[in-house]
Amino acid sequence: MSALSETDNWARVEELLAQDWRLLVDGELVPATGGRTYEVTSPVNGQRIASVPDADAAQVEAAVRAAAAAFPEWRATDPMDRASLVLRMADVVEAHIEDLALLDAVDGGAPMAVMAGDVQLAAAYCRYFAGLALEMKGYSLPSTSGAHFTVRQPYGVVARIIPFNHPILFAVKTLATPLIAGNCVVLKPAEVTPLSALHLARLLQDVFPPGVVQIVLGNGPEVPRALVRSPLVHRIGFTGSVPTGQHILRDAADSGVKEVSLELGGKNALVAYPDADPEEVAAGAVQGMNFTWSGQSCGSTSRLVVHESIADQVVAGIQRILDKRTIGSPLDPTIDQGPLVSEQHYRRVLGHIATAVDEGAVVVTGGGRPEHLDRGYYVAPTVLDGIGPESTVAQQEIFGPVLSVIRWTDQDDPVAIANSVPYGLTASVYTNDVRRAHRVAQALDAGYVWVNETSKHYMGMPFGGFKSSGLGREESIEELLSYTQTKSINIVL
Ligand code: NAD
């Protein structure tokens, strides 16, 4: 992707924003019923940037019915042919990498260069999963009475509901697995960042047969709830917050017996032992906090549980790294961090910082809006020291650029501190003692653990949470298989 100037990027964004935003229902690009729309604003400047379709429950049901009608032919399509259309989706999104990244940047606030990385990652996931198409295997039993074997079959209509923080990555990636498995999908992007998914609707119109992929949108819970509660939807894949995940479980139970997977929030710990290199820990803490996305990443290691003997060096190292980072417009190709996604979220994050200070936190750096930015929802990378493991800021997911430093001494058990939250998504351990590394990695209540590393996802390694952080695993063959159900066939000979 070429690195154009911020001015050139704004010019291209203006062109992209001039489009008529449509839903994808039954192969057609359509407005919401009755022409209803809602306004989308940019976190860069708080200005209105688009009017997008605001569907209702009846339109969702129409999309679900179209998906159900397309299902028999799609499930009968050879898996390799289904996979080849997912490969085509990968090519199409990559061919539009710049536009999709720009839309995500202006809509969600993360730097466009980083969002271009998300587009590439989305395409890579499509290719990875397409390559696994023939791994949706069953097995057979030894028998003299007959043939006993299992097959994996699709569910039918799958609902996928995604959050705001990686809009195009999640839109594309969450379509890939259920489609390869033979399901038809209704995708619901987040209402605050719908633009790249609506642009994707246009790009995919000619890729998949009508009804196989639907993209619907509405402002508020009516649309996603209608999707979850639809009698024709038996499999729901959700990524988002814990309260919404719980809501989905209740709605799913009230409307049938449905398979639900949940990728939810985290309050993840980076545990640093005295034998770790303080500079390495500092670099890992900055990377793990995902400041690039203003901390809006589920796997962020937002609690630095560091041994007192190296804590001062680590905190000083973090400050040195953060001093070199830039914050500003996500359309500027040189910047490291953009704004938070919305005014509401900005106020929420500032509220968390204020609570922490009230509870005795020491602001090492950041703590609010950077001085050089007078509009937009920017919060400077913030490090809070002197945090108690039980304090509010150490227990609740902030989903902002706020790192809490929890110091421990030889009298404390850092693993118990790490495990003391209701979440269990990721965790990181820094130590040079190989036995301790193994022991601690086993003991941490988290679904994804790094040793002497943070933040990186390895394609093929199952990603998902323990405790309140979720149900099910993604980014691996387990995700693909989870969009199939097993049937046992017994043939008497
Ligand atoms: P959110 O839960 O507010 O919204 C997510 C989606 O759910 C949106 O599309 C929204 O429209 C929809 N929704 C809202 N109410 C609903 C309802 N009653 N029924 C069904 N759907 C409903 O989350 P968010 O603020 O967009 O995203 C941030 C959260 O997502 C954080 O908690 C973060 O940790 C989590 N997240 C988790 C992962 C992961 O892989 N575990 C990845 C990214 C984000």
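Read-outs throughout are calculated quantities, based only on the coordinates presented, and are distinct from any laboratory measurement. Values in this document were obtained by computation on a predicted structure and should not be read as measured data. Using ideal geometry, Cβ is built from the backbone for each residue, glycine included, and neighbour counts are taken over all protein chains shown.
Summary table below
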read-out: Selection of trypsin sites (Lys or Arg not before Pro), the range 333-414, meeting DSSP coil and at most 14 other Cβ within 10 Å; value: 375
read-out: The chain - mean residue ellipticity at 222 nm from DSSP helices (-39,500 (n - 2.57) per run, n ≥ 4, rounded to 500); value: -12000 deg cm²/dmol
read-out: Whole-Å semi-axes of the ellipsoid equivalent to the range 269-458 (Cα gyration tensor, √5λ, descending); value: 27, 17, 15
read-out: Positive-pole candidate from 295, 178, 119, dipole of the chain, charges at beta carbon; value: 178
read-out: The range 330-417: projected area of the alpha-carbon convex hull, averaged over directions, in nm²; value: 6.9 nm²
read-out: Degrees, to the nearest 10: 6-17 long Cα axis against longest axis of the chain; value: 30 degrees
read-out: Derived scalar couplings ³J(HN,Hα) [the range 196-212; Karplus, 6.51 cos²θ - 1.76 cosθ + 1.60; whole Hz; x for Gly, Pro]; value: 5, 5, 5, 5, 4, 3, 4, 5, 8, 3, 9, 8, 9, x, x, x, 6
read-out: 0 to 90° range, to nearest 10: angle between helix 167-180 axis and the chain longest Cα axis; value: 40 degrees
read-out: Order of 170, 71 - criterion: other Cβ atoms within 10 Å of each residue's Cβ, fewest first; value: 71, 170
read-out: Derived scalar couplings ³J(HN,Hα) [the range 128-142; Karplus, 6.51 cos²θ - 1.76 cosθ + 1.60; whole Hz; x for Gly, Pro]; value: 4, 5, 4, x, 9, 3, 8, 8, 7, 9, x, 9, 10, 9, x
read-out: Alpha-carbon centroid distance for the pair the range 1-60 / the range 466-484, whole angstrom; value: 31 Å
read-out: Whole-Å semi-axes of the ellipsoid equivalent to the range 61-209 (Cα gyration tensor, √5λ, descending); value: 32, 16, 13
read-out: Total formal charge among the other residues, if their Cβ is under 11 angstrom from that of residue 235, Lys/Arg +1 and Asp/Glu -1; value: +1
read-out: Euclidean distance of C-alpha centroids, the range 290-355 and the range 77-124, integer Å; value: 26 Å
read-out: Distance histogram for the range 1-90 (every C-alpha pair counted, 10 angstrom bins, percent rounded to whole numbers); value: 13, 28, 28, 23, 7
read-out: C-alpha long axis of helix 343-358 to longest principal axis of the chain, angle in °; value: 40 degrees
read-out: Cut-off under 5 Å, modelled amide H: who pairs with residue 49 long-range; value: 40, 41, 42
read-out: Quotient of Cα Rg and 2.2 N^0.38 Å for the chain, N being how many residues it contains; value: 1.00
